[in-house]
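Trainee: Dumping the structure here so I can ask a few things about it.
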Amino acid sequence: MAIAHKFETAGLGIAPFRLVRVEMRWFSIPGIPGSKKPGSSCMFCGHPIAECCFLRDANGKEFHVGNECIKKAGDAGLYDTVKKELRRMKNQAEADAAAATFREGRDILARADVRASLSTQPHPNSFFAAKGKTMADYYEFLLHNSPRGTVANTVGKLREFAAESIQ
């Protein structure tokens with residue numbers, strides 16, 4: 001006798017199940033900073049979840065559960081698919097954040113007041129300073145050639161410099 005899938009036993013649908021999509025659902029209370037909370041609940045266990053894994057059963061019925069419930073259900077193939085999708089989503093979010101940071105740095109460096117002020121300061125490397133390079137050239141180089149992690153540091157320094165140059 002075949003053992004029924006835990007989601008099937010719970011009345012969520014008929015096995016086999018396949019992942020349709022993963023949605024991040026959050027809510028926050030307006031006016032209260034840091035009030036970000038999971039915005040949905042698992043249809044299997046009822047716990048609050050933010051990572052809603054939408055599954056489709058053999059008959060086309062859709063429902064959503066948390067990734068931990070998929071793991072606990074013992075469906076290794078389905079859980080592997082969910083892990084891959086969550087990893088892809090995390091990598092995409094990190095890439096989007098890095099691109100936004102780069103754009104911010106590019107926009108700060110493009111400001112006429114910041115560029116003019118940086119152009120009056122010599123390059124921090126004496127070799128390049130002797131060749132007429134400026135601090136603007138230095139930040140331009142860092143912005144375009146630094147690893148992802150240090151671009152954020154460069155943009156942070158540019159942000160500070162821009163705030164000081166406004167005053």
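The values are calculated or read from the model by the stated rules, or taken from the named source; none is laboratory data. Values in this document were obtained by computation on a predicted structure and should not be read as measured data. In this analysis, Cβ positions are derived from the backbone assuming ideal geometry, glycine residues included, and neighbour counts consider all displayed protein chains. Please note that ligands, DNA and RNA were not included when accessible areas were found on the heavy atoms of the full protein model with its side chains. Shrake-Rupley method; radii C 1.70, N 1.55, O 1.52, S 1.80 Å.
Trainee: If a residue must be closer than 24 Å to Gly39 by Cα, open to solvent by less than 70 Å² (accessible area, probe 1.4 Å), within 17 Å of the chain's Cα centre (by Cα) and not hydrophobic (A, V, I, L, M, F, W, C), how many such residues does region 55-104 contain?
Mentor: The total comes to 1.
Trainee: Spot the failing condition for Ser35; the list is (1) at pLDDT below 95; (2) polar (S, T, N, Q); (3) more than 30 Å from Arg159 (Cβ to Cβ), and only one is missed.
Mentor: Of everything listed in (1) at pLDDT below 95; (2) polar (S, T, N, Q); (3) more than 30 Å from Arg159 (Cβ to Cβ), Ser35 misses just condition (3).
Trainee: Test each condition in (1) exposed (fewer than 12 other Cβ atoms within 10 Å of the Cβ); (2) assigned to a helix (DSSP H, G or I) for Gly34 and report the one that comes out false.
Mentor: Gly34 satisfies every listed condition except (2).
Trainee: Consider region 9-40. How many of its residues are without any contact (Cβ under 8 Å) to a residue 12 or more places away in the chain and within 16 Å of Lys72 (Cα to Cα)?
Mentor: Matching residues across region 9-40 total 1.
Trainee: Within region 139-157, work out how many residues are under 19 Å from Thr120 (Cα atoms) and either open to solvent by 70 Å² or more (accessible area, probe 1.4 Å) or among the charged types (D, E, K, R) (or both).
Mentor: Total meeting the criteria: 3.
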